[in-house]
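Asker: Have a look at this one.
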Amino acid sequence: MRRRIDERFLQKWADAIAGTIGTDEGKLDRWMAVLDLLNRIRKIRPARSFALDGRYSLEDKKSFFRNVLAETLGPDLPGNEELVLEPLLKGNLWEGIPALEATLLSVFDQKAGRVVVEVRSPAPLPPEIQAKISETLLRFVNEGPGRELTGAKSPDQRLSVKPVWKVRPELLAGLEIRIGSRVWDASLSARLRELEHQLLKTA
């Protein structure tokens, strides 16, 4: 049966893991690899059945899944895997892994002053164009009006930008940029929608 995770517990769980990461993106990547692997394991019925099998102790289960992580990720393990395995197995919280991933990323971004920006384009952008867009976004979140959207801890905090590049052929041309819930749509499809709207108003 699917269990709903209390949001306060989820936040504490993410905070505990984030405490081992600080602002180190390398450590964050290793933890995200662990959570991604566990998210894949949760869809494997025999593994889930073992996790729920009352014939095995919590220590046996932790040891088993720790070995699975070690064999798969090897030296990329972040250490302190108990922080995720014990609550996961003790509370049967497998369905909460995607929410834990999202919360951990949010906690890290706040601590590190990192702004995640989704950049959508109709085709893959060349590296030199990506670099120019990244520079513009960096100025936007530090010096421009975009700073108000970032939740910076202090006026002096220097923010970094993590662009997430996505291809959306339906945009036809131009770009669509998202920061949080705000969207700047400079795509050709948006211009065509606006033109259609204007034509319908005058018809």
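The values are calculated or read from the model by the stated rules, or taken from the named source; none is laboratory data. For clarity, every value in this text was computed on a predicted model and none was experimentally measured. Methodologically, a virtual Cβ is constructed for each residue, glycine included, from the backbone with ideal geometry; neighbour enumeration extends over all protein chains shown.
Asker: Of everything in the stretch 167-187 that's touching a residue at least 60 places away in the same chain (Cβ under 8 Å) and touching a helix residue (DSSP H, G or I) at 6+ places or on another chain (Cβ under 7 Å), which residue is nearest to THR136 (Cα to Cα)?
Answerer: Applying the filter and picking the extreme gives ILE179.
This table checks each residue for (1) of a type outside the set (S, T, N, Q); (2) over 25 Å from the mean Cα position of the chain (by Cα); (3) assigned to a loop (DSSP other than H, G, I, E, B); (4) within 17 Å of GLU118 (Cα to Cα).
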{"position": "LYS162", "(1), (2), (3), (4)": "yes, no, no, yes"}
{"position": "TRP165", "(1), (2), (3), (4)": "yes, no, no, yes"}
{"position": "GLU170", "(1), (2), (3), (4)": "yes, no, no, yes"}
{"position": "ILE177", "(1), (2), (3), (4)": "yes, no, no, yes"}
{"position": "TRP184", "(1), (2), (3), (4)": "yes, no, no, yes"}
{"position": "SER189", "(1), (2), (3), (4)": "no, yes, no, no"}
{"position": "LEU192", "(1), (2), (3), (4)": "yes, yes, no, no"}
{"position": "GLU196", "(1), (2), (3), (4)": "yes, yes, no, no"}
{"position": "LYS201", "(1), (2), (3), (4)": "yes, yes, no, no"}
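Asker: Select from the stretch 111-156 the residues that are in contact with a helix residue (DSSP H, G or I) (Cβ under 9 Å, 6 or more places away or on another chain), at pLDDT below 90 and polar (S, T, N, Q) and list them in ascending order.
Answerer: THR150 - this is the single residue of the stretch 111-156 that is in contact with a helix residue (DSSP H, G or I) (Cβ under 9 Å, 6 or more places away or on another chain), at pLDDT below 90 and polar (S, T, N, Q).
Asker: When only residues in the stretch 87-138 that are buried (at least 18 other Cβ atoms within 10 Å of the Cβ) and basic (Lys, Arg) count, which is nearest to ALA16 (Cα to Cα)?
Answerer: ARG114
Asker: A follow-up question, please. What number of residues within the stretch 26-72 satisfy the criterion of being surrounded by 14 or more Cβ atoms within 10 Å (Cβ to Cβ), touching a residue at least 24 places away in the same chain (Cβ under 8 Å) and over 18 Å from LEU83 (Cα atoms)?
Answerer: 2
Asker: For the stretch 59-102, which positions are charged (D, E, K, R) and under 18 Å from GLY26 (Cα atoms)?
Answerer: Of everything in the stretch 59-102, those that are charged (D, E, K, R) and under 18 Å from GLY26 (Cα atoms) turn out to be ASP76, GLU81, GLU101.
Asker: Follow-up. Taking only the stretch 12-25 into account, find how many residues are crowded, with 16+ Cβ neighbours inside 10 Å and either more than 26 Å from GLY113 (Cβ to Cβ) or not hydrophobic (A, V, I, L, M, F, W, C) (or both).
Answerer: 0
Asker: Looking at the stretch 22-37, which of its residues are in contact with a Ser or Thr (Cβ under 9 Å, 6 or more places away or on another chain) and basic (Lys, Arg)?
Answerer: LYS27 - this is the single residue of the stretch 22-37 that is in contact with a Ser or Thr (Cβ under 9 Å, 6 or more places away or on another chain) and basic (Lys, Arg).
Asker: Still on this model: Any idea which residue in the stretch 1-48 is farthest from the chain's Cα centre (by Cα), counting only those that are assigned to a loop (DSSP other than H, G, I, E, B) and among the hydrophobic types (A, V, I, L, M, F, W, C)?
Answerer: Of everything passing the filter in the stretch 1-48, MET1 is farthest from the chain's Cα centre (by Cα).
Asker: What's the total number of residues in the stretch 159-195 that are loosely packed, with under 13 Cβ neighbours inside 10 Å, among the aliphatic types (A, V, I, L, M), modelled with pLDDT of 85 or more and more than 15 Å from LEU125 (Cβ to Cβ)?
Answerer: Of the residues in that region, 1 qualify.
Asker: Restrict the check to the stretch 73-84 and report whether at least one residue is of a type outside the set (Phe, Trp, Tyr), without any contact (Cβ under 8 Å) to a residue 12 or more places away in the chain, assigned to a helix (DSSP H, G or I) and not assigned by TED's automatic domain parsing to the domain that holds ALA173.
Answerer: So far as the stretch 73-84 goes, yes, one or more of its residues are of a type outside the set (Phe, Trp, Tyr), without any contact (Cβ under 8 Å) to a residue 12 or more places away in the chain, assigned to a helix (DSSP H, G or I) and not assigned by TED's automatic domain parsing to the domain that holds ALA173.
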